[in-house]
Amino acid sequence: RLAAQEGKLVLVYTGGAWCGPCADLDEAILADPALLAWIRAKTVLLRVHSGRDKPNIAFHRAHQIVSRTPPGLALLPVEGKALGNLEAADFRADGRFVTSDLLEALIANSTPPAAAPAAAPDPPSVR
């Protein structure tokens, strides 16, 4: 509801307290003012435990959220399926998160794909 009221996307962050890379990503996000500002301005953050809890599995399936390994990120419009699924592991280099690449990917995935143009109507038939 908050995302709808504020006109923001939902950033689903799948991870767990037991997850070392999740803690690393938390630190990286907090240390990057541009990334943190974008997340705060454009999204409402929803943290989802990445266990085998049935409600979480159902939530991920319902919104087409795919996360091979935590941490995983997905952007959702208020209603609908994930705009993009991001694996945080794809943004690591030399054991550190490259937050500028993560921010670029979030921005790129924050816009719904353009709808296909409507087909032209059939011309009227002549009798």
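The values are calculated or read from the model by the stated rules, or taken from the named source; none is laboratory data. Everything quoted here is computed from the prediction, not taken from an experiment. Backbone-built Cβ (ideal geometry, glycine too); neighbour counts: all protein chains shown. When the accessible area is computed, the model is the full protein with side chains, heavy atoms only, and any ligands, DNA or RNA have been set aside. Shrake-Rupley method; radii C 1.70, N 1.55, O 1.52, S 1.80 Å.
In table form, for the structure just shown:
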| item | result |
| --- | --- |
| Selection from segment 82-127 of residues that are at pLDDT below 75 and under 17 Å from the mean Cα position of the chain (by Cα) | PRO112, PRO113 |
| Residue list for segment 90-113, filter: touching a strand residue (DSSP E or B) at 6+ places or on another chain (Cβ under 9 Å) and surrounded by 13 or more Cβ atoms within 10 Å (Cβ to Cβ) | PHE91, VAL98, ASP101, LEU102, ALA105, LEU106, ASN109, SER110 |
| Residues satisfying the stated conditions in segment 1-28, i.e. acidic (Asp, Glu) and touching a helix residue (DSSP H, G or I) at 6+ places or on another chain (Cβ under 9 Å) | ASP24 |
| Subset tally (residues that are touching a helix residue (DSSP H, G or I) at 6+ places or on another chain (Cβ under 8 Å), modelled with pLDDT of 85 or more and of a type in the set (Gly, Ala, Ser)) for segment 29-75 | 2 |
| In segment 4-54, the residues that are part of a loop (DSSP other than H, G, I, E, B), in contact (Cβ under 8 Å) with a residue 40 or more places away in the chain and either under 13 Å from VAL98 (Cα atoms) or open to solvent by 50 Å² or more (accessible area, probe 1.4 Å) (or both) | ASP32 |
